[in-house]
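Have a look at this one.
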Amino acid sequence: MPTPPTVVVQLLDLTKKSDVSIQEIANVIGLDPALTAKVLRFVNSPMAGVAREVTSLHQAISLIGIRAIKMMALSFAVVGKSKEVACREFNYEQFVLESLACGAAARTLASTTRWAPAQEAFVAGLLSQIGWSAMARALPEEYAAILHRASRVPRDLPALELAAFGETYATVGGQLLRSWNLPETLCTAVCDFRDDLEGELTPSLALLLNIAEAAATCLCPYRANDPSEPGEFMKLAHQHLGLGETQCVELLGKIAAEVSQAREMFELPSARVRSMEEIEDEIREGITELGLAMHLENKSLVLQQEELLHRATTDQLTGVGNRAAFDARLTLELERTLRSNEPLGLLMIDVDHFKNFNDTYGHQAGDRVLHAVAQLFDEHVRKVDFVARYGGEEFAVIVPSTRSEGLLYLAERLRAGVEALRVRWESKELRITISVGAAIAHEVMSPQEAAVALIRAADEQLYAAKCAGRNRVAFQNPVTSKGAVKEISAKEVPMAKMPTLAGTQKK
């Protein structure tokens, strides 16, 4: 394994100090004029994101931070030493360029995803290729044969490396950085990033490096006549970041611009960066297939999300809203009432003597009845109304923008409809009735307090309907903004004057 340069050794010694000063870092970096120039050029480049011109190491460290400058200096010093590698198939300039491309891509992706600090992601990307250099340095002849056989570098190397050495350049790189006592998070990401491609992945620096390397090999082909296609980067970016075709192209363009600037900074005149025109031509050639795959995947994800939302908000037995959906909808409607000053009605409904019904006919018959009742409710309310199973045999109906007469009209329609309902079960024709409590909220000031008051008022009227003999509607009007009730009288609605359900349809 190669040993770190002198400046790196001194910087590593400083990393062990918890109270290292800006001046100490500047003094060590200043021992290497070439490294100093690289750091200053980087800090003044668009990649660093510093708005003002930086003219000294002390100023650079103050703006970027001790940790970031220390990591950058380590990276530049380590990558810069690779020029001494004697492996005949190892292209030093292309290695440095691809390392820079990985760093730029990782930094750009980190800024987009917030998975890691941008500058630390840059360092991780820059050092992610260091194992490639280490293997070329340690085994120049053997590794030259592997590089010669590789169809493209580095994405096709791992299988050949494993067969020949039992290790990949990624694991060697991670072990090398670990032996130099670099931060463990960085060593782990470099060592593991090629193992992070399969299965359900969670956001991590290792995964970020996978996507960054795909972008780098697309922009910086090791062999001019055999470049990596942009489809691999676009596939990973879409799968893990949710990016579309246009966003992928924009990201590649941004990374390519930064790599071109970095090539000048590291004085790599012959290293080649592919133009965005070349990449866009390739994308257009394969856009139909790639676009269709993305479209189908997006459609599948949307359907899955809709299905999950439906399951989370729907009562599985009855098919209407569940209690969680009711709570959320009631708050939403009360907030709307607060803005519009339109009253909001609520019906609390209970199936009469349902325990005795289950004891007599069995719970499966009871489930069939609850489902039939829920469907009747859902078919005979307006589209703006919301039906939910509140719990057990109790239902609730939220009725926006309604007056007392309209709320009572709906309550009686539902009551009469259930009374006329016949449910076939085995050889029997089952019949049930319901009791309904109705209440209206006016002058809402606090949706949370109004929700509690409205439910309480409707519940009290449901209890009043039961006490009055069941199979009837009781009403309390109105509920005020502070949860108080202006009128506490329970009025039974004369059922004979209400219309029947015959011929009624959902509006």
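The values are calculated or read from the model by the stated rules, or taken from the named source; none is laboratory data. In this text the structure is predicted, and so the values were computed from the model without any measurement. Cβ placement follows ideal geometry from the backbone for every residue including glycine, while neighbour counts extend to all protein chains displayed.
What pairs can you find where one residue is in region 174-196 and closer than 14 Å to Ile130 by Cα and assigned to a helix (DSSP H, G or I), the other is at pLDDT 75 or above and of a type in the set (D, E, K, R), and their Cβ atoms are less than 8 Å apart, with a gap of 6+ or different chains?
Short answer, once both residue conditions are applied: Gly174/Asp192; Arg178/Glu184; Leu186/Glu120; Cys187/Arg178; Cys191/Arg178; Phe193/Glu213.
I've got another one for you. Take the residues in region 25-45 that are assigned to a helix (DSSP H, G or I) and surrounded by fewer than 17 Cβ atoms within 10 Å (Cβ to Cβ), then tell me which one is modelled with the lowest pLDDT.
Checked region 25-45; the qualifying residue modelled with the lowest pLDDT is Ala34.
Further question: Taking the residues in region 178-215 that are under 19 Å from Gly103 (Cβ atoms) and charged (D, E, K, R) as candidates, determine which candidate is modelled with the highest pLDDT.
Glu213
Return the residues of region 158-173 that are under 22 Å from Ser204 (Cβ atoms) and in a helix (DSSP H, G or I); say none if nothing qualifies.
We begin by selecting, within region 158-173, every residue under 22 Å from Ser204 (Cβ atoms); these are 158, 167-173.
Scanning region 158-173 gives Pro158, Tyr169, Ala170, Thr171, Val172, Gly173.
Please go through region 316-340 and pick out each residue that is over 12 Å from Ala451 (Cβ atoms), of a type in the set (Lys, Arg) and out of contact with any Asp or Glu (no Cβ under 9 Å at 6 or more places or on another chain). Let's see the steps before the verdict.
At the first step, the residues of region 316-340 found to be over 12 Å from Ala451 (Cβ atoms) are 316-325, 336, 339-340.
Cutting the leftovers down to of a type in the set (Lys, Arg) gives us 323, 336, 339.
Correct list: Arg339 only.
At pLDDT 85 or above and more than 24 Å from Arg88 (Cα to Cα): does that describe Gln175? I'd like the intermediate steps shown before the answer.
Numbers: at pLDDT 85 or above: yes; more than 24 Å from Arg88 (Cα to Cα): yes.
Yes; evaluated as a whole, the condition is true for this residue.
So that you can scan it fast, the table gives a plain yes or no per residue for (1) aliphatic (A, V, I, L, M); (2) within 21 Å of Arg456 (Cβ to Cβ); (3) modelled with pLDDT of 95 or more:
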site: Asp350; (1), (2), (3): no, yes, yes
site: Phe357; (1), (2), (3): no, no, no
site: Tyr361; (1), (2), (3): no, no, no
site: Gln364; (1), (2), (3): no, no, no
site: Leu370; (1), (2), (3): yes, no, yes
site: His380; (1), (2), (3): no, no, no
site: Val387; (1), (2), (3): yes, yes, yes
site: Gly392; (1), (2), (3): no, yes, no
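Follow-up. Restricted to region 325-384, and to residues that are touching a Leu at 6+ places or on another chain (Cβ under 9 Å) and among the β-branched types (Val, Ile, Thr), which residue is nearest to Gly437 (Cα to Cα)?
Once the filter is applied, the top-ranked residue is Ile349.
Still on this structure, please answer the following. With the condition being surrounded by 14 or more Cβ atoms within 10 Å (Cβ to Cβ) and within 39 Å of the chain's Cα centre (by Cα), I'd like the strands (runs of 3 or more DSSP E) fully within region 323-440 carrying at least 1 qualifying residues. Steps first, please.
Numbers: elements: 344-351, 386-391, 394-400, 423-425, 428-430.
In region 323-440, 344-351, 386-391, 394-400 are the strands (runs of 3 or more DSSP E) which contain 1 or more residues that are surrounded by 14 or more Cβ atoms within 10 Å (Cβ to Cβ) and within 39 Å of the chain's Cα centre (by Cα).
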